1. Diagonalise the Cα gyration tensor of segment 173-250 and give the resulting equivalent ellipsoid semi-axes, square root of 5 times each eigenvalue, largest first, whole Å.
2. For the charge dipole of segment 146-281, defined by +1 on Lys and Arg C-beta atoms and -1 on Asp and Glu C-beta atoms about the Cα centroid, which residue among PRO187, GLY197, PRO273 has the Cα displaced farthest towards the positive pole?
3. Reachable aspartates and glutamates from LYS126, Cα under 16 Å, same-chain residues fewer than 8 places away excluded?
4. Note the direction-averaged projected area, equal to a quarter of the hull surface, for the Cα convex hull of segment 113-160, in nm².
5. Could you state the accessible area per residue of segment 98-204 in Å², with a 1.4 Å probe and every protein chain left in place?
6. If DNA, RNA and ligands are ignored and the probe is 1.4 Å, what is the ranking of ILE204, ILE318 by accessible area, most exposed first?
7. Calculate what fraction, in whole %, of the accessible area of segment 360-456 sits on carbon and sulfur atoms when a 1.4 Å probe is rolled over the protein chains.
8. Tell me, what are the semi-axes, in whole angstrom and largest first, of the equivalent ellipsoid of segment 121-205 as set by the roots of 5 times the Cα gyration tensor eigenvalues?
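The values are calculated or read from the model by the stated rules, or taken from the named source; none is laboratory data. Owing to the predicted nature of the structure, the values given are computational and were not obtained by experimental measurement. Glycine also receives a Cβ, built like all others from the backbone with ideal geometry; neighbour counts cover every protein chain displayed. Only protein heavy atoms, including side chains, enter the accessible area calculation; ligands, DNA and RNA are left aside. Shrake-Rupley method; radii C 1.70, N 1.55, O 1.52, S 1.80 Å.
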Amino acid sequence: MRLQCTMSGTAIQTLKLAAIPVSTSPSRLIFWPVTKTLTATLVSRHNHTQRPPFTLLVRALSVQAVQATEITDSRKVVKPQWKAAIDFKWIRDNKEEVAANIRNRNSNANLELVLKLYDKMLNLQKEVERLRGERNAIANKMKGKLEPSERQKLIEEGKNLKEALMTLEEELIKLRDKLQGEAQCLPNMTHPDVPIGGEDSSRIRNLVGRQREFSFPVKDHLQLGKELDLFDFDAAAEVSGSKFYYLKNEAVMLEMALINWTLSEVVKRGFTPLTTPEIVRSSVVEKCGVFYARLQVYSIENSDQCLIGTAEIPVGGIHMDSILPESMLPLKYVAFSHCFRTEAGAAGMATRGLYRVHQFSKVEMFILCRPEESDSYHEELIKLEEELFSSLGLHYKTLDMATGDLGAPASRKFDVEAWMPGLGRYGEISSASNCTDYQSRRLGIRYRPSESPSTNPKKGNKSNLAPTQFVHTLNATACAVPRMLVCLLENYQQEDGSVIIAEPLRPFMGGILHISPKSR
């Protein structure tokens, strides 16, 4: 079914519940052409002073953003818009390490096929180079004095070589494309300290506070919201569909307070505030490697654009295809945006209410830094998150996530899960990821070290410039508003049905100190 409408003569572009590319696993990409109908498909989410062999492992999966023209074969399979610059030789020479990383991450990237295609490509390249050599030799002979019969013979040989070379070159292009498609499925290499296994293997690295004790029956945020007239899911379902919501009354003020307080606290730590575009090119999503099983993307039909699922994507793209001077690093950003996720298949008591929704506000931190500094900035990010949540009086645990829950980009990831008494469980409210150079190599973000490698530099000699290096990128959620609302409402509820406003937020609430039931 195709949906389109007009308002005041202006067409509203159709949204298609789809992600480009489509995937069937955490790290395997399959590129399909965009259809012209309204469809729904899942999208999956498919880098510190480094020590050998970790440095080499990251280098092996280097990726660079490169524009490519679209080509199709007889099945109309669309070629991705960018290519990866991967060190295939290193992967072949370190096959066991790469294979173990794929297994530990529960990825189904096909390493054997990558290596098979790589060997085939090398052999084909040799044959192409051999024919080019023969063609050049004939061209050189043609420059001299020759008998007509000899010249005609060389002309025929040259023509045959040209045709054979064109065939092989076309075959080489297709082979390189196929190799790229398979190799780009390879996930980032994992930090050596990450626990191996599924989510249950994740380590608790910090436990802060304790569960609040209540002398009365605890209500969840849905009941509190209904009694305090704070949000309306029913009306939103009629207007937009399930998992949308209206915030009302003090809940609106509380959302604004959370955003403004979080921004003010993070800016104090030297972060540059941003608001971002909320529509981006699908290729930027791909380059960021954001193919998460629970981050599902609304794509815009008849375009190469989609709605963002996190500000990490537009912030990651702000310096795309750039060479930064070392003096600019680190770059620290804190971005406010709305986020949009299809959340297909997300249902049940564990995800009810505000916990998992299609549209929400979020404050995201993002750092670009020198490779040797990313470990320390990762610690800085998680400590900043913990300070924010502790200031709000929340009980939470910080987890060092196991390999099976990292996703493709992260080398290491810390999650924060807060206690939600109404839901009777811990719920994820934040994460902090060190993606090393996985994203920057795909986005083409490099920096040039300040020191020259030459002890006797000559003016105007480009060889005296230090070679560029890829930056490391890190991201962390400072405040995902709906889940913070869940935590605050459920933890600060009172016996009389009211909810106290957490002290740090009060200066941003316009004098409101608590939320009370409305008089009827």
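1. Details: eigenvalues 394, 160, 16 Å².
Semi-axes (√(5λ), whole Å): 44, 28, 9.
2. Farthest towards the positive pole: PRO273.
3. Correct list for LYS126: GLU134, GLU169, GLU170, GLU171.
4. Values: hull surface 14.2 nm².
One quarter of the hull surface, i.e. the mean projection, equals 3.6 nm².
5. On the way: 6430 Å² over 107 residues.
So segment 98-204 comes to 60 Å² accessible per residue, rounded to a whole number.
6. Largest accessible area first, the residues go ILE204, ILE318.
7. Working: 980 of 2440 Å².
Carbon and sulfur atoms account for 40 percent of the accessible area of segment 360-456.
8. Numbers: eigenvalues 591, 28, 8 Å².
Calculated on Cα positions only, the semi-axes equal 54, 12, 6 Å.
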